[in-house]
Amino acid sequence: MPWVSVLGVAGGISIVSAEVVLNALLGVWIAVLLVMRMRQSRHAERAIESVGSGYWVLDARGEFIDVNAAYCRMVGYTRKQILSMHIADFEAVATRDGIRAQIERILLNGQERFETRHKKRNGGWVELEVTVTAVAKHQVIVYLRDISERKKAAIEINQLALFDPLTGLPNRRLLQDRIEQALHNASRSKHHGALLFIDLDHFKTLNDTLGHAKGDDLLRQVAQRLSSCLREGDTVARFGGDEFVVVLARLSVDAGDAAAEVKSISTKILTLLARTFELGDIDHTTTASIGISLFSNNALSLEDVLKQADLAMYKSKAAGRNGLHFFDPAMQVAIEARMALESDLRSALREQQLVLYYQPQTTPDRRIRGAEALVRWQHPKLGLVLPNQFIPLAEESGMVLQLGLWVLETACRQLVQWATTARTADLELAVNVSVRQLQQADFVEQVLSALLRTGANPRRLKLELTESVLVSNIEDVIAKMTALKAHGVSFSLDDFGTGYSSLAYLSRLPIDQLKIDRSFVAQMVSSENAESICVAVISLARSLNLTVVAEGVETEAQFDLLTRVHQCEYVQGYLLGRPCPIAEFDALLAYGPEAR
Ligand code: C2E
Ligand code: MG
Ligand code: MG
């Protein structure tokens, strides 16, 4: 209570003034002051109660001396309960020590004002503005004003200013911030970003025929569907009317790959929006047109990207709606080529346009011990297409499963062929397996049935996995590998050193071989670091009891360093033979790599 402190001050003064002549006068004056202060403070207290502010008196340790009824109502405890508690019991963040230090500071400096929130008995929170004032050597008075309403209003104002009330999506203003942010991020990192301008087709007709309520309903549902197909860090905003904008962050570093990612997300959006909407009792279908602007560190402004995407959107409208267009004509051409390639790939599988090439793997004395089977596509118009151009496409579309089965079957038939002559009967054949294949529930059966159907010897078949298998369910991968190994199939870890390379996982995978990635081999003569990595992989393989093969060996210097200096067991690369059709490979077998 305030008079406790006032009395303390008055007591001190009365001792000092004990034997002085003016004592009496001063005494009267002090008495008058005291009464006035008491009245004032009681008045103040009543005023505080009437506006509902909370009010505490605390000692220097932060223990309660008193608390008023208004505060009791705010937090839902009785006065008695509160007096037995500690402030730290109410505080969201502060600790006892922190509170004690703060009170010490206030006792020195006089006053502090801050905002905090207190926990209510019912579990809720009350937002408070707190003023703490030192009133005596060891006491502080605390006024606590409930500002929950003000805070709520501020949040609502913020919501109104930045979000679209109909859909709850960020509005144009917040979108601008997000675009600026995305442009900034793209200019700092090497990643691409993209802006998608999405406009519903024939929305006006719906509004005119079914009314605005149905139109609003559709917009809300469109907003939900758009939000559902985005990744964390992406933004979807309502730009106005029936226009939405999506900002995609952290796309691939490579422009072509980034464009493919955007295309895939945009296609997903188009498919999702083409599904029937239930507008009350009406089933409604709609389509959308999308325009895309891809950006990286190319110094585009906010206005540029919006304008580009908008222009591209009009191209989609002009092309018959329900489609997507890139602003960059070159990008559009590239994407169309890729889309064409994707549809061609379907017929490639049917029309047997795929071919297996074989690249020799040799010992240090250049004897061919086996080969890696590498797929090629004999395209009717484009000629020979390399796997890097169509394997990613095949993986994206799921076609890699069918393709993988064909490769496996063809490789097995080759093994059977080799088994017929003594000279080739011992050759091993390595086959690349995509993670998508390995993730199939019946992967083990697929491999075993290919072996069974063809009659190939499982001991001559080696499956090449990449470290990307480590990101999928590792237990499942181990179980499948173990099952196949029980039949004699072996495993090699391809492109080793470029992926995740968690040694903890590596030691659990039942692999037989590490394949040093060709990027290290390519640099090993000129870079000591690259050479050190090759040496480390070789010794890692040795200590884990695995064999090791270096791929991409192109020069005698690399060959010499790997085989003679560092004792690498197997090598593969252009120096020993390029991937070639089976007839050429047979010739290589007959005359040896040196006779080429
Ligand atoms: P990979 O499994 O790492 O295959 C080695 C790649 O390095 C092959 O490229 C090969 O032609 C190339 N190469 C071999 N020696 C040298 C050399 O001395 N110098 C250089 N610069 N390159 C060399 P390719 O045939 O274009 O295959 C690329 C990738 O495509 C393969 O990398 C593999 O990941 C994938 N791939 C190939 N065939 C299949 C397949 O049947 N199924 C799956 N899922 N992926 C495949
Ligand atoms: Mg490979
Ligand atoms: Mg490789």
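The values are calculated or read from the model by the stated rules, or taken from the named source; none is laboratory data. Here the structure is a predicted model, which means the values were calculated and not measured. All Cβ positions, even for glycine, are placed from backbone atoms using ideal geometry, and neighbour counts span all protein chains on display. All accessible areas refer to the heavy atoms of the entire protein, side chains included, with ligands and DNA or RNA removed. Shrake-Rupley method; radii C 1.70, N 1.55, O 1.52, S 1.80 Å.
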Tally Lys/Arg at +1 and Asp/Glu at -1 over every other residue whose Cβ is under 11 Å from the Cβ of Arg338; what's the total?
-4
With no solvent and one equal point scatterer per Cα, compute the Debye intensity ratio I(q)/I(0) for the stretch 73-173 at 0.15, 0.20, 0.22 Å⁻¹ and report its log10, rounded to two decimals.
-0.74, -1.05, -1.19
Please enumerate, by chain and number, the aspartates and glutamates with C-alpha under 17 Å from the C-alpha of Lys119, excluding those fewer than 8 residues away in the same chain.
Asp89, Glu91, Glu127, Glu129, Asp146, Glu149
Under a Cβ-only charge scheme (Lys and Arg +1, Asp and Glu -1), can you give me the dipole magnitude of the chain about the Cα centre, in debye to the nearest 20?
1420 debye
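In the chain, what percent of the accessible surface is made up of carbon and sulfur (1.4 Å probe, ligands and nucleic acids excluded)? Present the calculation step by step, with values, prior to reporting the outcome.
Working: 16250 of 30260 Å².
Using a 1.4 Å probe with all protein chains present, the chain comes out at 54 percent carbon and sulfur.
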If you average 1/r across every pair of different Cα atoms in the stretch 398-579 and take the reciprocal, what Kirkwood value do you get, in Å?
17.1 Å
Set of the stretch 438-458 residues, backbone N closer than 17 Å to the point 7 Å along the Cα-Cβ line of Asn473:
438-446
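Just how many pairs of Lys in the stretch 163-327 have C-alpha atoms closer than 17 Å, counting pairs that are eight or more places apart or on different chains? Don't skip to the end; give the middle numbers.
Values: Lys204/Lys214; Lys204/Lys317; Lys263/Lys315; Lys263/Lys317; Lys307/Lys315; Lys307/Lys317.
Number of lysine pairs found: 6.
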From the phi of every residue in the stretch 131-148, what ³J(HN,Hα) in whole Hz does the Karplus formula 6.51 cos²θ - 1.76 cosθ + 1.60 yield, where θ is phi - 60° and glycine or proline is x?
10, 10, 10, 6, 10, 8, 4, 10, 9, 10, 10, 10, 9, 10, 9, 6, 10, 4
Could you let me know the centre-to-centre spacing of the stretch 113-145 and the stretch 295-318, using Cα atoms, in angstrom?
52 Å
Rolling a 1.4 Å sphere over the protein heavy atoms, what is the accessible area per residue of the stretch 398-579, to the nearest Å²?
44 Å²
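Looking at the chain, send over the antiparallel percent of its DSSP beta bridges, to the nearest 5.
Working: 67 of 93 bridges.
Of those bridges, close to 70 percent are antiparallel.
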In whole angstrom, and with the biggest value first, how far do the Cα coordinates of the stretch 500-584 range along each principal axis?
40, 33, 23
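Given a 1.4 angstrom probe, what's the average accessible area per residue across the stretch 215-354, in square angstrom? All intermediate terms of the calculation are to be shown ahead of the outcome.
On the way: 6460 Å² over 140 residues.
Here the residues of the stretch 215-354 average 46 Å² of exposed surface.
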For Lys137, the aspartates and glutamates lying under 13 Å Cα to Cα, once residues fewer than eight places off in the same chain are dropped, come out as Asp59, Glu104
Tell me which lysines have Cα within less than 21 Å of Lys381's Cα, excluding those fewer than 8 residues away on the same chain?
none
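Quantify how much of the Cα-Cα distance distribution of the chain extends past 44 Å, in percent. List each step's numbers first, then the result.
Numbers: 90423 of 177310 pairs.
Summing the P(r) of the chain above 44 Å gives 51 percent of all pairs.
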Given a 1.4 Å probe, how much area per residue of the stretch 51-150 is accessible, in Å²?
52 Å²
